[in-house]
Amino acid sequence: RPSVVFDNVVFGYEKDRAILNGLSFEVPAGRNYAIVGPSGAGKSTLARLLFRFYDPQEGRILIDGQNIKDVTQASLRAAIGIVPQDSVLFNDTIGYNIGYGREDATQSDIEAAARGASLMGLIDRLPKRFDTEVGERGLKLSGGEKQRVAIARTLVKNPPILLLDEATSALDTRTEQEILATLHRVAEHRTSISIAHRLSTIADADRILVLSDGRLVESGRHGELLRHD
Ligand code: ADP
Ligand code: ADP
């Protein structure tokens, strides 16, 4: 269970236009922190830096005390499981979608992954069987069902760090609450970062970091931040 540290990170996509302006924060091991802030604040950008799609111009990003520049791409990918807002599923079975992850996955790998997801209670609300085809030619899943499959796909790989990038933002509040309740149960004690813009999404977070113009402007617990709003 590693910690995640941003230490004075400066980054811009273009020269002379910094998007992150000396961003520093620490997510301690095993905690669930939320990152909120207005659109354009730099939330997705920091997620991209964590994956090394880009590297900071200044500062460092550490996972478990180690600069991610010194970590192989393969172990970085294994360390961080991401659930994006709009997960794309393959036109294949639900089981394949949960168990894919590896090109050389065998049928029994896929079944094991699907069983894992089932055990976690993530997809027990899906009325469909694992061998149900979904997508273009198969069954159309609702947004909530799709996100459950995507979350299961990420969690069965057992990543020590979980990054939810607006993972439930596109869903209605009730579906979101159901998914968050399940996540809370299965992802507890995992280091997790939830990027969100709805306050209801982050009520369970151990701490909320408020980002504005690429800087941390405030941090606290849910109730504390609401008080001086
Ligand atoms: P948030 O996720 O908080 O809405 P983003 O990280 O997406 O914010 O964007 C922060 C700023 O970076 C915005 O001004 C956005 O226009 C800019 N930006 C995002 N992606 C790119 C890109 N690929 N190239 C140039 N500018 C970008
Ligand atoms: P994996 O490689 O673990 O099987 P995916 O195929 O879903 O994961 O995604 C490939 C890579 O793309 C991920 O490891 C992650 O680094 C990156 N990625 C996917 N979606 C996003 C996103 N919304 N924001 C940032 N990175 C993403």
query: Once the piece of chain linking Asp86 and Gln66 is laid out straight, how much longer is it, given 0.36 nm per residue of separation minus the C-alpha distance between them?
result: 4.1 nm
statement: The summed charge of the Asn67 Cβ neighbourhood (under 14 Å; Lys/Arg +1, Asp/Glu -1) stands at -2
- prompt: region 132-229: which trypsin sites (Lys or Arg not before Pro) are DSSP loop and have at most 10 other beta-carbon atoms within 10 angstrom?
  reply: Arg137, Lys140
query: By how many degrees, 0 to 90 and rounded to 10, does the Cα axis of helix 107-119 deviate from the longest principal axis of the chain?
result: 70 degrees
query: If we count GluC sites (Glu not before Pro) as exposed when they sit in a DSSP loop and have at most 11 other beta carbons within 10 Å, what is the longest stretch of the chain that avoids them all?
result: 1-102
field: 1.4 Å probe accessible area per residue over the chain, in Å²
entry: 52 Å²
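Using DSSP to define loop residues, name the trypsin sites (Lys or Arg not before Pro) in region 38-84 whose beta-carbon has at most 15 other beta-carbon atoms within 10 Å. Each step should come with its number before you reach the end.
Numbers: sites: Lys43, Arg48, Arg52, Arg60, Lys69, Arg77; in loops: Arg52.
Those satisfying the criteria are Arg52.
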message: How many angstrom lie between the Cα centre of region 5-42 and the Cα centre of region 143-219?
response: 17 Å
message: With angles folded into 0 to 90 degrees, how steeply does helix 143-155 sit against the dominant principal axis of the chain? Use alpha carbons for both and round to 10.
response: 80 degrees
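Which value at 222 nm does the chain reach when only helices count, each DSSP H run of 4 or more adding -39,500 (n - 2.57), with the total divided by all residues and rounded to the nearest 500 deg cm²/dmol?
Numbers: 7 runs with 67 residues, N = 229.
About -8500 deg cm²/dmol.
Quick one: pull the percent of accessible area on the chain belonging to carbon and sulfur, 1.4 Å probe, ligands and nucleic acids left out. If you can, show how the numbers build up before the last one.
Numbers: 5440 of 11930 Å².
Ligands and nucleic acids excluded, carbon and sulfur reach 46 percent.
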- request: Sort Ile19, Ile202 by accessible area with a 1.4 Å probe, largest first.
  value: Ile19, Ile202
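The values are calculated or read from the model by the stated rules, or taken from the named source; none is laboratory data. The shown structure was predicted, so the numbers you read here are calculated from the model rather than taken from an experiment. Cβ coordinates were reconstructed from backbone atoms using ideal geometry, including for glycine residues, and neighbour counts include every protein chain displayed. Ligands, DNA and RNA are excluded from the accessible area calculation, which covers all protein heavy atoms including side chains. Shrake-Rupley method; radii C 1.70, N 1.55, O 1.52, S 1.80 Å.
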